[in-house]
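> First the structure, which I've put down as structure tokens, then a few questions once you've had a look.
Computed from the coordinates by the stated procedures, all read-outs in this text should not be read as laboratory data. Keep in mind that what you see is a predicted model, and the values were worked out from it rather than measured. Note: ideal-geometry Cβ built from the backbone for every residue, glycine included; neighbour counts use all protein chains shown.
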Amino acid sequence: MKAPAFSYVRPRQLHEVFALMETHGDEARLLAGGQTLLATLNMRLSEPALLIDMQAISELKGVNFDGKVLRIGAMVTHTEIETSGLVALHAPMLAAAAPHIAHRAIRNLGTFGGSIAYGDPAAEWPACLLALDGVILARSLRGERRIAADDFFTGLYTTELAADEVIVACEIPVAQANQKISFSELARRHGDYAIVGLAATAKVIDHQMSRVRLAWIGVGSTPMRSSKTEQALDGQPLSMQTLNQALSCCEASWPPCLT
Ligand SMILES: Cc1cc2nc3c(=O)[nH]c(=O)nc-3n(C[C@H](O)[C@H](O)[C@H](O)COP(=O)(O)OP(=O)(O)OC[C@H]3O[C@@H](n4cnc5c(N)ncnc54)[C@H](O)[C@@H]3O)c2cc1C
């Protein structure tokens, strides 16, 4: 099938995007990398009259480090994250997760902001953002607000983002020297969406864990944290025995968010 006819605009400034959104309301749709949206148009699951392409808006691009947080612009592509020196240094979990997203052609076009806005529970970035205590910066004509990743994903493909808001960037606290990270997932073939995955991080001082975060991919209608297991691990030694106990605890009461 082919997409229905639509109008197309490519503004250069964010304020033009807000003006277009205000004028066209529900008839307009934001276009980032198009890797999800264009498929839904081709399948006629969505029939917007206007696509607002954000490719030319430089304010939404780039990865920056201000000494405390890493700021990833909404239009930064999966490949740019995969190859960024700043990301490798300050948010190594993202560098570890990026190669698991689809294939190169999709990673070259798909964006961080598009993935977060879409809120797919099987996607890598939402779970990473939960594990890393990330913050989503959402802007509209009403101003800008900061939404913690923990509060952002509210249901299947549903988020806290209001209809008139645009994700402009996400902020991630930088990795500390005593922070351990792990990212792993199971997929049928390389490039497929994960069947299940886990983004995990903990602070480890003298072999003792604190600030444990376990964020799961593909186990529910949103990316999910195992809050009780995180609490149980807090203060425990980082050892194979402790981790095996935690994993059997997760397995025993699936889905793991309940443990
Ligand atoms: C074959 C295939 C395999 C894939 N495999 C994976 C995978 O394994 N893991 C994975 O995570 N993803 C996967 N994807 C999805 C891919 O990562 C997409 O890039 C991503 O989901 C959406 O990003 P996008 O930039 O393409 O957004 P678009 O498709 O352009 O937009 C998606 C939605 O988000 C909205 N939106 C986009 N940007 C913003 C913004 N800044 N503010 C507010 N709303 C916005 C759009 O209006 C639209 O509703 C796959 C896609 C394909 C086609």
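> In the neighborhood of Phe183, defined by Cβ-to-Cβ distances under 13 Å, what is the net charge if each Lys or Arg adds +1 and each Asp or Glu adds -1?
Details: positive: Lys180, Arg213; negative: Glu82, Glu124, Glu185.
Around Phe183, the charge tally is -1.
> Take every Cα-Cα pair in the chain and report what % of them are more than 35 Å apart. Please list the in-between numbers first.
Numbers: 5525 of 33411 pairs.
In whole percent, the long-distance tail amounts to 17.
> Taking the inverse of the average 1/r across all pairs of different Cα atoms in the range 114-259, what Kirkwood radius in Å do you get?
16.0
> Rounded if a/c is under 1.5, else prolate if a/b beats b/c, else oblate: with a ≥ b ≥ c from the C-alpha gyration tensor eigenvalues square-rooted, which is the range 136-177? Mind showing how you got there, number by number?
Numbers: a/c = 3.08, a/b = 1.41, b/c = 2.19.
It is oblate, given that a/c is not under 1.5 and a/b is not larger than b/c.
> Just want to confirm a number: the relative contact order over the chain, from Cα pairs under 8 angstrom separated by 6+ residues, in percent.
Reported relative contact order: 15 percent.
> If you don't mind, there's one more thing I want to ask. Considering Cα pairs under 8 angstrom that are at least six residues apart, work out the relative contact order of the range 86-229 and quote it in whole percent.
That works out to 26 percent.
> By how many degrees, between 0 and 90 and to the nearest 10, does the Cα long axis of helix 240-252 differ from the longest principal axis of the chain?
For helix 240-252, the angle is close to 60 degrees.
> Given a cut-off of 23 Å, name the pairs among Lys68/Lys203; Lys68/Lys228; Lys180/Lys228 whose C-alpha atoms lie farther apart than that in the structure shown.
In this structure, Lys68/Lys228 exceed 23 Å between Cα atoms.
> Using a Gaussian network for the chain with springs between C-alpha atoms less than 10 Å apart, which of these wobbles most: Pro99, Pro223, Pro121?
Pro99
> Shifting gears a bit: Assuming 0.36 nm per residue, please report the length gained on full extension of the stretch His15 to Gln241 beyond their Cα-Cα distance.
75.9 nm
> Over the alpha-carbon set of the range 79-163, work out the extent along each principal axis and list the three values in angstrom, largest first.
Here the Cα extents, ordered largest to smallest, are 35, 25, 24 Å.
> Report the local net charge at Tyr193: Lys and Arg +1, Asp and Glu -1, summed over other residues whose C-beta lies under 10 Å from its C-beta.
-3
> Sticking with this structure for a sec: Once you have a ≥ b ≥ c as the square roots of the Cα gyration tensor eigenvalues for the range 1-53, tell me rounded if a/c is under 1.5, and otherwise prolate or oblate according to whether a/b is larger than b/c. Write down the numbers at each step before the final one.
Details: a/c = 2.51, a/b = 1.74, b/c = 1.44.
Since a/c reaches 1.5 and a/b is larger than b/c, the shape of the range 1-53 is classed as prolate.
> From Cα pairs below 8 angstrom and at least 6 apart in sequence, can you work out the relative contact order of the range 188-249, rounded to a whole percent?
After rounding, I find 27 percent.
> Round to a whole angstrom and tell me the spacing of the C-alpha centers of the range 187-231 and the range 32-65.
The range 187-231 and the range 32-65 have Cα centres separated by 28 Å.
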